[in-house]
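All of the numbers you see were taken from the coordinates with simple rules; none came from a lab. Since the model is a prediction, treat every value here as computed from it, not as a measurement. Please note: Cβ atoms are built from the backbone with ideal geometry, for glycine as well, and neighbour counts cover all protein chains shown.
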Amino acid sequence: MTLIRRINWNNLDRVVVRQQRNRSAYTPAISFYRWWARRPHSFAGRILDAAQKEFRRESFLVSDPFSGGGTVAFEAARRGLKIYAQDLYPWPSQSLATALTPAAPDEFKTAAAVVLEALSRHREAYWTQMCEHKWETTHVIRVRSAVCPACSKRIFLFRAPLISVASRRADESNAFFGCSACGGVTRKSKDVRFFKCDHCCQRELITTKTIKNRMTEIHCPHCPESFLLSDLLLDTPEWQPVLLREQRVLSAYPLARLRTPEKGDPIEDVRDKDHHSLHIKITEGVETAALKRYGFSFWDELYTQRQLDAITAALKIVPTLKVGEPIKQHLRLAILGTTEMAGYICRWERFHPKALEAIANHRFSRSTITVETNLLSTSGRGTLPQRFKAAEKALRWMCAKSYPISTTHARSSGARRIVEGALVVTGSSERQLLTDGAAHLVFTDPPYHDDVQYGELARLFHVWMAYAGQCEKAPDERKEATPNASRGITTRQYEKKIAVCLLESRRTLASTGRLVLTFHNKDLKAWEALAGALLHAKFDIVALATVAAENSADHSKRGKQSFLSDLVIECRTRVYRRRSWQLKVSGQVRSMERKNLQAIGLALAERVNSGEGNLEILFKKYLKDLKAKRALISRGGR
């Protein structure tokens with residue numbers, strides 16, 4: 001029987017959809033560190049449970065050669081299974097090793113409190129005194145400005161007139177609007193069709209067309225000329241604070257408010273004369289090109305001075321603590337996590353006021369309205385107190401789930417070994433440290449073609465890891481299995497890298513073992529590359545299913561024609577004399593998205609199992625058989 005046939009997919013879909021809406025509540029371990037394209041924990045758990053039934057053994061080795069966010073590792077460890085996890089990059093692999101290392105939650109809580117107490121002066125830099133109360137600025141929202149090439153007057157680059165609704169109350173009726181002529185902010189009803197600036201009396205019409213045009217084109221409010229946004233962003237960035245969010249300090253009745261700045265507010269970014277150690281040049285890349293186009297040349301320029309000071313001070317405190325190394329590693333991981341709240345590229349969510357991480361949408365943020373988060377505030381997304389609290393919760397959850405007592409971290413250049421507990425490896429999966437036939441299940445999701453440039457996005461973490469002494473040198477991104485125009489990596493090279501990694505996984509897989517992949521993509525080239533890789537690695541596809549994978553409410557998915565489901569592909573190694581496996585297809589397919597995934601899955605199986613056929617022709621054939629009216633997968637599709 002196949003693993004896929006042992007799962008009730010309709011029930012699993014309901015569980016996944018419910019849990020993806022609040023993942024940290026169901027699986028707190030996800031809060032340890034950020035990575036992209038994390039598969040649902042409930043789905044990974046069901047596959048592992050099915051494998052235990054299929055293999056009729058309670059304990060066996062699970063391998064994940066593209067471990068990334070560590071979902072498979074967490075769920076395998078939770079079941080007492082031996083786990084081998086590998087990733088090219090230090091940030092996900094070392095973070096996963098730290099996350100799987102046990103640490104006493106109470107001791108961690110005490111140490112975290114010591115760190116925060118030592119950082120109190122950095123937090124107090126955000127405090128102001130008003131009457132009898134102290135107020136703490138939690139966020140400073142800034143707008144970028146540029147000089148009009150035609151009239152030489154300054155333009156304030158509000159991409160949409162509405163900057164933010166006035167509060168997070170469900171019945172909030174007011175909002176703040178920005179004036180592109182003077183940079184002033186006016187509070188009005190959020191439903192107004194136009195507003196008159198309280199500062200310069202400029203009148204501005206608010207329409208959907210106005211907002212859409214400003215995404216790419218800027219109209220100068222001082223003269224009749226218009227310019228492409230990219231033409232205005234070539235110089236050093238200049239910013240003006242326009243809003244701040246604050247909360248009352250040490251109050252029995254917590255109160256937070258959003259308002260325009262006043263004299264004496266802690267909103268100015270006063271840079272030190274000496275460069276920070278993070279004054280490291282941003283190198284070229286597909287994603288980092290956006291940062292360079294927006295005028296950023298060095299990594300420290302993404303942060304305000306207060307943020308740099310807070311992160312630096314926190315990292316220096318950790319080695320001085322009289323606690324065990326596991327506690328220090330967990331503290332350090334939480335501190336490094338705050339670096340994604342870079343004050344000059346984080347975006348403000350205007351309809352649900354909060355700061356979004358610099359890489360929340362799987363891209364470096366490209367916003368002209370950014371938000372500086374007070375990293376030491378008890379209120380706000382991604383702050384250090386919040387991360388410490390989440391890490392403590394995750395540690396308590398892991399203790400309750402009996403996670404393994406032994407976790408080892410190694411480099412892929414090391415010797416092959418027998419795995420006990422968890423072995424996490426940093427380096428290309430073209431070489432794995434498992435002995436021949438050691439794994440019963442290889443369960444992974446390879447990079448989704450060029451959808452996410454993992455290495456480039458992780459550079460932000462890697463430069464901080466190097467500063468903290470956690471990363472010896474910058475990882476070699478040329479080994480990444482992702483097409484990248486900047487590095488000259490093509491789809492053909494992507495296919496070859498995936499093929500070599502899968503061939504190495506085949507060596508580590510027992511003769512009766514299974515390979516389970518999850519994949520989705522709108523580009524037919526990605527599926528052709530996957531077919532080629534499976535053929536080269538000598539796997540046959542024996543079963544298919546579709547499962548919900550993404551939360552449609554996520555910022556990166558909202559309002560886009562993105563796949564919210566994965567194709568699950570179960571494979572067995574091809575024997576010398578080819579055996580004709582009977583393909584099993586599970587789960588109901590009703591939506592257009594699921595029909596497309598099943599059609600491409602059937603086409604993929606026929607192409608891989610027979611070694612013949614054109615994938616595009618086969619896909620269209622199965623799409624027609626499933627009575628799907630629209631093809632969501634196309635050559636070069638997005």
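Table for the structure above
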| read-out | value |
| --- | --- |
| The range 138-170 and the range 298-345: distance between their alpha carbon centers, rounded to Å | 29 Å |
| Gained length - Ile206 relative to Asp235, 0.36 nm times residue gap less alpha-carbon distance | 7.6 nm |
| With Cα atoms, 0 to 90° folded angle of helix 90-99 axis to the chain main axis | 80 degrees |
| Value at 222 nm in deg cm²/dmol, rounded to 500, when DSSP H runs of n ≥ 4 in the chain each add -39,500 (n - 2.57) | -9500 deg cm²/dmol |
| Cα pair distances in the chain, grouped into 10 Å bins until the bin that holds the longest one, percent each | 3, 15, 24, 25, 18, 11, 3, 0, 0 |
| The range 97-147: GluC sites (Glu not before Pro) in DSSP coil with no more than 15 other Cβ atoms inside 10 Å | Glu132 |
| Using alpha-carbon coordinates, inclination of helix 41-55 to the longest axis of the chain, degrees | 10 degrees |
| Three semi-axes of the equivalent ellipsoid, the range 1-148, Cα gyration tensor, whole Å, largest first | 41, 21, 16 |
| Using θ = phi - 60° and Karplus 6.51 cos²θ - 1.76 cosθ + 1.60, couplings along the range 316-322 (whole Hz; Gly, Pro as x) | 6, 6, 3, x, 7, 6, 8 |
| On Cα atoms only, tilt of 524-536 relative to the major axis of the chain in degrees | 40 degrees |
| Under 23 Å from Lys522, Cα to Cα: lysines that are on another chain or at least 8 residues apart | Lys496, Lys497, Lys557, Lys560, Lys595, Lys620, Lys621, Lys624, Lys627, Lys629 |
| Debye-sum result for the range 298-369 in log10 I(q)/I(0), which assumes one identical scatterer on each alpha carbon, at q = 0.13, 0.14, 0.25, 0.27 Å⁻¹ | -0.47, -0.53, -1.10, -1.19 |
| Proximal lysines to Lys401, defined as alpha-carbon separation beneath 20 angstrom and excluding residues fewer than eight positions away on the same chain | Lys82, Lys109, Lys389, Lys393 |
| Rg/Rg_globular for the range 1-40, with Rg_globular taken as 2.2 N^0.38 Å and Rg from C-alpha atoms | 1.41 |
| Extended-chain gain in nm, criterion 0.36 nm per residue less alpha-carbon gap, Arg14 and Val114 | 31.8 nm |
| Percentage of interatomic Cα-Cα distances in the range 110-391 larger than 27 Å | 43 percent |
| D (Stokes-Einstein, µm²/s), Kirkwood Cα radius, the range 245-380, 0.692 mPa s at 37 °C | 195 µm²/s |
| Spatial extent of the range 354-465: Rg and Dmax, with the Cα atoms as the point set, Å | 18.8, 54 |
| Contour minus Cα-Cα distance for Thr408 and Lys496 (0.36 nm per residue) | 28.7 nm |
| Exposure rule at most 15 other beta-carbon atoms within 10 Å, DSSP loop chymotrypsin sites (Phe, Trp or Tyr not before Pro): the chain longest free segment | 1-350 |
